[in-house]
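Some notes on the structure that comes next.
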Amino acid sequence: MSDSIKIPAELLPTDGRFGAGPSKVRKEQISAINNSIMGTSHRQAAVKSQVGRVRDGLSQFFKLPDGYEVILGNGGSTAFWDAATFNLIDNKAQFLSFGEFGAKFASGTKAAPHLADPEILSSNPGDAPNFQPDDSIDTYCTPHNETSTGVAIEIKRPTDSGLMVVDATSAAGGLNVDVSQFDVYYFAPQKSFGADGGLWLAIVSPKAVERIERLAKDRWTPAFLDLGIALENSRANQTYNTPAVATILMMAEQLDWFNSQGGLDWCVSRTTDSANRIYGWADQSNVATPFVSKPNLRSNVIATIDFDEKIDATEITKALRANGILDVEPYRKLGRNQIRVAMFPAIEPTDVSKLTQCVDYVIERL
């Protein structure tokens, strides 16, 4: 039985959490919850100051130019997809779909009765398509990093017209991005930022703010999904309805840490180091191969590693889990004989190396 394999303590990582989200939470973030504002009104100054701490922290982290704003609301990235169908897409959108999450946003927009059918440009898992600019398109939508497959793309505007809307759920905080190349960069806090889910955050350009304000005025929108309401509340360091204060505190603590270390540049250096370690190991292995064959598309925050058919990856993950190395199972719908490993900034690059040593140890004993 693979789960009976005992990995020597000296091979084990210092922290065994490698999940794609929820992800590793640092002890300093847990300590931050021991705050007197827990259990107090989110409409009062004490909690609002923590929302402001998050918004200011993100502005510093991404070095936002004048006019760009940070807005937030409840419901996570999934809720933001629905909000975008009301208050970001004017009539017709073009989507890049190269995994589970990009496809879900596109399908939701296709079902919206007030919008034209979107153009959906798809590729096989492990690859990514390119935008095809068209004058009929007013919104271009893509993931930055596809969590399900481990594909990451460079964010670059396909045209100067229309909004560029980027799902950065697993990318934000771990992958480099040029702010001038997007209008909306939205994400949730349970990946690089190591907090709990249930919240969405978005960086919006002046052009996106104009679109939000116009559509919120002209188009009926459920209040929970109304980005105009979210914009108004965010400027007051609030959310429309009650947020999870613990999540805000955890994210604020993570942002303080990131910014004290050097901001996005430091985070990217960490994830790049981790990625070099795991892809370098797989490239040299006789039984492991990076699932994403094109090096320029390999994600630095989510690695998917295939195994030779004679090796059962399920047995590897069982053995790892029995030894405290958690959540490296592949995305269920992808159906590959592989592991999926997160390399968010809070994960020590040396622990990624330790993980590869543990995988080798298990394989030798299967």
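Specify, per residue and in Å³, the volume enclosed by the convex hull of the alpha carbon atoms belonging to the chain.
Spread over its residues, the Cα hull of the chain gives 133 Å³ apiece.
Given the Cα-Cα distance of residue 289 and residue 38 and 0.36 nm per residue of separation, how much length would full extension add, in nm?
85.7 nm
What FRET efficiency comes out for the pair residue 357/residue 236, r = Cβ-Cβ distance, R0 = 56 Å, nearest 0.05?
Using R0 = 56 Å, I get an efficiency of 0.65.
Using alpha carbons only, how many degrees (0 to 90, rounded to 10) separate the axis of helix 100-110 from the longest principal axis of the chain?
30
Specify which residue in the list 206, 233, 223 is farthest towards the positive end of the charge dipole of segment 189-236, using unit charges on the beta carbon of Lys, Arg (+1) and Asp, Glu (-1), about the Cα centre.
Final value for the positive-end residue is 206.
Using alpha carbon centroids, what distance separates segment 144-178 and segment 1-76, in Å?
If we compute the Cα centre of each part, the gap is 21 Å.
Quick one: 169, 356, fewest Cβ neighbours within 10 Å first, how do they rank?
Neighbour counts put them in this order, fewest first: 356, 169.
Please name which of 42, 169, 366 has its Cα lying farthest along the dipole of the chain towards the positive end, using unit charges on Cβ (Lys, Arg +1; Asp, Glu -1) and the Cα centre as origin.
42
Residue by residue, what Karplus-based ³J(HN,Hα) values in Hz, rounded to whole numbers, does segment 312-318 have, using 6.51, -1.76 and 1.60 with θ = phi - 60° and x for Gly and Pro?
The phi angles translate into 8, 4, 4, 5, 4, 5, 5 Hz.
Can you run phi through the Karplus equation (6.51, -1.76, 1.60; θ = phi - 60°) for segment 176-193 and list ³J(HN,Hα) in whole Hz, with x for Gly and Pro?
Values, residue by residue: 6, 8, 9, 4, 5, 9, 9, 10, 9, 10, 10, 6, 10, x, 8, 10, 4, 8 Hz.
Under a 5 Å amide H to amide H cut-off, with H placed in plane at 1.01 Å, what residues pair with residue 18 once short-range neighbours are removed?
326
For the chain, with only Lys/Arg (+1) and Asp/Glu (-1) charged at the beta-carbon, what is the dipole magnitude about the Cα centre, in debye rounded to 20?
Computed charge dipole of the chain: roughly 680 debye.
Through the Karplus equation 6.51 cos²θ - 1.76 cosθ + 1.60, θ set to phi - 60°, convert the phi angles of segment 253-265 into ³J(HN,Hα) values in whole Hz; use x for Gly and Pro.
Per residue, the Karplus-derived 3J(HN,Hα) values read 5, 5, 5, 4, 5, 3, 5, 5, 8, x, x, 4, 4 Hz.
Report, by chain and number, residues whose modeled amide H sits under 5 Å from the one on residue 164, excluding near sequence neighbours (fewer than 5 apart, same chain).
140, 183, 184
When a footprinting reagent is the concern and you count Cβ atoms within 10 Å, what order do 185, 68 take, fewest first?
Final ranking by Cβ density, sparse to dense: 68, 185.
Mind checking the full-extension length gain between residue 224 and residue 116? Use 0.36 nm per residue of separation minus the Cα-Cα distance, one decimal, nm.
Extending this stretch completely gives an extra 36.6 nm.
Please report the antiparallel percentage of DSSP beta bridges with both residues in the chain, rounded to the nearest 5.
55
Treat the count of other C-beta atoms within 10 Å as a stand-in for reagent exposure and order 220, 200 from fewest to most.
With the sparsest Cβ surroundings first, the list reads 220, 200.
Which one, 190, 130, 356, is farthest towards the positive end of the dipole of the chain when Lys and Arg carry +1 and Asp and Glu -1 on their Cβ?
190
Values in this text are rule-based calculations from the coordinates and carry no lab data. As the structure is a prediction and not an experimental result, all values here were calculated from the model. As a convention, Cβ positions derive from the backbone with ideal geometry for all residues, glycine included, and neighbour counts pool all protein chains shown.
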